[in-house]
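Reviewing the structure listed below.
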Amino acid sequence: MHELSIAQSLLGIVLQEAGRHGANRVTKVAVKIGALASVVPSSLTFSFDLIKEGTPAADAVLEIERVPAMGICRACGVRMDMSGLVEACPDCGSKEIELSSGQELYVDHIEAE
Amino acid sequence: MAEIEVGRNILEANQTLAEALRKRFAAQGIKVLNLISSPGAGKTSVLEQTLRRLGGRLRCAVIEGDIQTDEDAQRVAACGVPAVQIQTQGACHLDGPMIGEALDALELEGLELLIIENVGNLVCPVDFDLGEDMKVAVLSVTEGDDKPSKYPALFRAAGVLLVNKIDLLPYIDCDLERIHATCRTLNPQQKVFDISCRTGEGLGDWVAWLESWVRG
């Protein structure tokens, strides 16, 4: 729902990094978004494409990598898919499960010249 | 063509500000709650009931977030507690800068508990740290027992869940046990209170717990 404000923060970081490295044209922006981050990739792309016009990132392609929701059992250490509701560890039955990935929302790298 | 490693959180600006707010609150000994629910779950009623039952035993203040109007701030002020209204003018959540600005209008000296009532929305407010010590989720039984599994992010992140409007349970098809079971799965450490702001049921337990949490 707030993809436009996320796109604005994203563009700010991209332009700052490009400027810091003396680049004047950004060609690619690679971001990682966790499956549980409540961010819709198509909306983020739409918003980013809308606001990048007229900036050094105008030609940048937004590449979104989805990070799956994964958990790890605190009792036995087994890893499991957390995209649905997981009530207990499938191996040992423990209910102490820690979310290990799926909430990411970060810029991994950019390509610029 | 060069590849530039970045590795920066897209919400870093908000996160940095939230951490600064958290330090400021801790330095002044203020506990902070971020109250989140869908529109109409009863956040403001919970606030009114909580503040009235605390009866001045804790020095409280409230920051009210709404898309429009200051009706909620007026309701809270009627309980004798300082309240600042933030009108987001359409934004679906509160963020760190809005809280920083609202604090300018509050006397923080001597304050023990600050409650931030977020914009009614089960999704977006969860992503924006406001420097709070704890998120409190309010879910009304009329919304349905499937909400925690459909919107897991809030129910996973909330330290306390208030299940409101339980006086309506005889009239609707809502399985209270399903709400409890799903939330236990999402967050085994979560403290849960079943309450009715209309009849007062469960509010005594919640307020007693809150008071000892603030003092603890």
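Relative contact order of chain B: what whole-number percent is it, with Cα pairs under 8 angstrom and at least 6 residues apart?
Relative contact order here is 24 percent.
Around A:Ser101, which amide H atoms from residues at least 5 apart in sequence, or from another chain, sit under 5 Å from its own amide H, with H modelled in the peptide plane?
Under 5 Å from the amide H of A:Ser101 lie the amide H atoms of A:Met70, each far enough along the sequence or on another chain.
Which of B:Glu109, A:Glu111, A:Glu96 comes first, and how do the rest follow, when ranked by fewest Cβ neighbours within 10 Å?
Numbers: B:Glu109 8, A:Glu111 19, A:Glu96 14.
Fewest to most other Cβ atoms nearby, the residues stand as B:Glu109, A:Glu96, A:Glu111.
Take the Cα pairs of chain A, get the Kirkwood Rh, then feed it into Stokes-Einstein at 10 °C and 1.306 mPa s and tell me D in µm²/s.
102 µm²/s
Sort B:Tyr151, B:Tyr171 by Cβ crowding within 10 Å, fewest neighbours at the top.
Working: B:Tyr151 19, B:Tyr171 9.
Starting with the residue having the fewest Cβ neighbours, the order is B:Tyr171, B:Tyr151.
Among bridges DSSP assigns within the protein assembly as shown, what percent are antiparallel (round to 5)?
Counting only bridges with both partners in the protein assembly as shown, antiparallel ones make up about 35 percent.
Averaged over its residues, how many other protein chain Cβ atoms are within 10 Å of peptide B:9-16's Cβ atoms?
6
Could you put A:Ser47, B:Ser38 in order, starting from the residue whose Cβ has the fewest other Cβ atoms within 10 Å?
Placing the least packed residue first, the sequence is B:Ser38, A:Ser47.
A short reminder: the numbers here are calculations on the coordinates, not readings from a lab. From a predicted model like this one, the values you see are computed outputs, not experimental measurements. A quick note on method: Cβ atoms are made from the backbone with ideal geometry, for glycine too, and the neighbour counts reach across all protein chains shown.
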